[in-house]
Structures are given as C-alpha cells and as structure tokens.
1. Quick one: count up the residues across region 29-40 that are among the hydrophobic types (A, V, I, L, M, F, W, C) and within 15 Å of the ligand (Cβ to nearest atom).
2. Does Glu123 satisfy being under 26 Å from Tyr212 (Cβ atoms), open to solvent by 30 Å² or more (accessible area, probe 1.4 Å), more than 16 Å from the ligand (Cβ to nearest atom) and of a type in the set (D, E, K, R)?
3. With region 148-233 as the region, which helices (runs of 4 or more DSSP H) entirely inside it contain at least 1 residues that are among the polar types (S, T, N, Q) and open to solvent by 30 Å² or more (accessible area, probe 1.4 Å)?
4. Given the conditions (1) without any contact (Cβ under 8 Å) to a residue 12 or more places away in the chain; (2) in contact with a Ser or Thr (Cβ under 7 Å, 6 or more places away or on another chain), which single one is not true for Thr58?
5. Just one of (1) surrounded by fewer than 19 Cβ atoms within 10 Å (Cβ to Cβ); (2) within 30 Å of Met321 (Cβ to Cβ) trips up Gly108, so point out which.
6. Return only the number of the condition from (1) open to solvent by 30 Å² or more (accessible area, probe 1.4 Å); (2) farther than 26 Å from Leu136 by Cα that Gly350 does not satisfy.
7. Any idea how many residues of region 36-64 are at pLDDT below 95 and open to solvent by 40 Å² or more (accessible area, probe 1.4 Å)?
8. Can you pull out every residue in region 52-106 that is in a loop (DSSP other than H, G, I, E, B) and away from the ligand (no atom under 13 Å from the Cβ)?
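The values are calculated or read from the model by the stated rules, or taken from the named source; none is laboratory data. As the structure is a computational prediction, the values presented were derived from the model and not from experiment. With ideal geometry, Cβ positions are generated from the backbone for all residues, glycine too; neighbour counts draw on all protein chains shown. Heads up: the accessible areas ignore ligands, DNA and RNA and are worked out on the full protein's heavy atoms, side chains in. Shrake-Rupley method; radii C 1.70, N 1.55, O 1.52, S 1.80 Å.
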Amino acid sequence: MINGERTIARPLRWGMVGGGRTGQVGYKHRTGALRDGTYQLVAGAFDLDADRGRDFGTKLGVAEDRCYATYQELIAAETGRADGVDVVSVATPNFTHFEITKALLEAGIHVICEKPLFFTVKESEEIKALAEEKGLIVGVTYGFTGHPLVHQMAAMVKKGMLGDIRIVDMAYTHGFNAGDDVGAPEAVQWRTDPKRSGPTFVLGDIGTHLYYLSEIVLGDIKVEKLLCDRTAFIPSRAPLEDHATVLMHYDNGARGRLWVSSVDAGNMGSQRYRFVGSKASVAWSDSHPDQLIYQVQGEPERIMHHGMPYLEDESLAADRMGALHTEGLGDSWSNIYLWIAQAIDAKMRGDDAFLASHHYPDIHAGLEGVRWLENCVKSADQDAAWVDFE
Ligand code: NAD
C-alpha cells in the first residue's frame, strides 16, 4: 500500500513544459506528481502565451524568475543553476514532443512525456538511443495504467486464473466531437490537424491508452497482425479519423477487437476492457474503476473491489485509499509519477538491479504505442488490409 512516505533519496526538482492554465492535461500531471514528496515544482515554460504562463506559474508557487517564456529558455537557465531541474514533464500538443524531449535529454534532463509519444517509430528509436547514451529516463503518462485493478488483471492472467487467453475486447469512446469543429477550442483544432496531431487522431489520442493497458495485462502475449478500418465522420478531419475499429491476432492464437471513437454521441462510458480466457474472464471500466468483474464459467459472477485482501500482491502494492474508499484517475496518475520517480532515483544511483525489475511506463512503452499506431495507419491506408505487426 502506498501511504505518501518518501521512497527516494530526495525530492526531484521538477519542471513542466506546457500544461498551462488553459491546457487540458496539466493538472493531471500536477495531481500525479505533487503527492508523495517525490517532486517539487520549481520551474516551467507552461504556456505559449508567456505572460499568462508566468502568471499561472507563480500562482502554482514557482518563483517568477523560473517561469520561462519558452522551453529553450528553461533549458538554458536551469542547466546553469546548481539547483536546476532534474526532470521535466512535456504536456504540449503532439507535434512538439520530439523536439522538446530531444532538447531536454541533450541537456542532461530526465523527461516525462505525454502520449502519443512521437509521430514515428524512427523518432522513438532515436530518443531511446539518446536516453540510453545519456543515462536518462523517459517516462510516458498513460493515465489509468497505475490503477491497482489494472495490475490485478495482469496478475490474474499471469497466474493462469483465466486459463488460456482467447479474446481481448476493448473500447474507448465518447461523443465530444460528434459535431463539426467550427469554433472548437485549440485542443480540438490541433488534434484534427495532421501537422500537429501526427498520423492519427483518436487512435493516438485514446487508442494508445487501450493498447498500453492491454500490454500490461497480457504480459508476454503479443500482437502478430492487425487490421484497422478508420474514417472521419466529420469530413474536415480527413485524412485523420474520428472513429476506428482494429482487429488483432495475437501470437498465442487469441483474437482481439478494439474500437475508438470521438463521435459516439452521448456515450460517457470512456474505457472498457474484457479479457476472456478458456476458464474465466475479467472486465474493467474506468467509469467504475473500483470494481473488477470476475466471471468463472459455470459459477456466479464475482465483483472484486480494490484494496481487499483477496487481491494479488501486485494490486495491493499499488493501492492508496484502502477498500471502501474510491480509488480513481488521480490515484493512478500518482502511481505512475511515483514509479517514474523511483526509476529516476535508481538511475541517479546507478542501481541497475532495481531498474531491471521495476515496472513503469517507460520509453519502450511509448515506442510500442507509436509502433502500434504506425501499423494501424499502414493497414487503414491499404483499405483495411491485414498487416503483419512490425
Ligand atoms: P491543450 O491544447 O489543452 O494544452 C496544451 C498546453 O501546452 C497549453 O497550456 C499551451 O499553451 C501549452 N503549449 C503548447 N505549446 C507549447 C510550447 N511550445 N511551449 C510551452 N507550452 C506550450 O492540450 P492537452 O489536451 O492538454 O494535450 C497535451 C498533450 O497531452 C497531448 O499530447 C495529448 O495527447 C496529451 N493528453 C494526454 C492525456 C492522458 O490521459 N495522458 C489526456 C489529455 C491529453
């Protein structure tokens, strides 16, 4: 159980690029980071609007002279200080991730970056090599994958409690983009522009969450080939998609299907997962994150609650609130930030043994998300042909 006790040598000096006053995801980062005494927010280039960023930063408690107009200024000033930042989070639109992450790593600063990590596998491999060369960590914020019941599902699959995995069924859908984009906020404008969003819209925006979570649960079971059908119900979004269906074949023979949509009018269900084995199934959704539905063939359905002693150690180790009390998105983000802090701390101490067995959303997780997107686009571009996953 996590209780806020500090588990690393000293708090990390933390900065942010993006995540300003009007940004959608910035507060989730701060909710995640500023909880366990592992990070102190000391610097930021929070906003494209420098004055607004400075005003916002000082109201977060950052010294005015460490609220910078640009990430380049942040790097130049912070690397010149004895107490400069150890790690910076990148919470900006997709097209900026690569250049900002690269500049931070080149300056010797650990990075926590938003998903989808980059536009291409080639870029991701370049950053992976750079981080290795510099001895630095790159973490990726797949928001809900710190939840204890996600790790319960993974432990159950690993222990064989479901039998052989046969079916993977996932969806992440909402209807916030059911109408057109005329007058839509900036966060919608850049998401539907290939130059700023990258090769995908909803596949990268929400599909990568499904894919990474399923990777955690499935462990060694990997996608062998896939078929992706995507479309833009609002034509101005083409060639990007506001809706997509992906079928997957796994290397153990399992079959997967996934759909993502931002035109699922009226749906507030968000993320839903079902993993079906030869003996039993588990189902979990972030609209009822405290509950895991466990169905054994021929037996009454069970609802497992987070924090209960009957859960596996991996799940209880990630619990914060204890049973009866809601454990949700903010708690999950805190776990992700804690696990990344522990990785950075171990890297600073040269503790390779710890790093070898420590699980957190790392550069590999980010890279695999980009690889999955590249394969989806490759299939969709061939009119939804099956493609070998490469
Ligand atoms: P947004 O448009 O709402 O906010 C972007 C913020 O970054 C704004 O404050 C903007 O001023 C600032 N910004 C933009 N360019 C900048 C630059 N060069 N330097 C400094 N600041 C800059 O976007 P958003 O919805 O918050 O998304 C940001 C990223 O987070 C995207 O990659 C998105 O995919 C990701 N995201 C992830 C999750 C998650 O659950 N992990 C949720 C939402 C968004």
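1. Initial filter on region 29-40 (among the hydrophobic types (A, V, I, L, M, F, W, C)): 33-34.
From the residues that got through so far, the ones that are within 15 Å of the ligand (Cβ to nearest atom) too are 33.
Looking only at that region, the number is 1.
2. Working: under 26 Å from Tyr212 (Cβ atoms): yes; open to solvent by 30 Å² or more (accessible area, probe 1.4 Å): yes; more than 16 Å from the ligand (Cβ to nearest atom): no; of a type in the set (D, E, K, R): yes.
Judged against the criteria, Glu123 is not a match.
3. Details: elements: 148-158, 186-191, 194-197, 208-218.
Fully inside region 148-233 and qualifying: 186-191.
4. Result: Thr58 passes all but (2).
5. (2)
6. The single condition Gly350 does not satisfy is (2).
7. The number of residues fulfilling the criteria is 0.
8. In the first step, residues of region 52-106 are kept if they are in a loop (DSSP other than H, G, I, E, B); the result is 60-63, 68-70, 80-86, 92-93.
Selection gives Gly61, Val62, Ala63, Gly80, Arg81, Ala82, Asp83, Gly84, Val85, Asp86.
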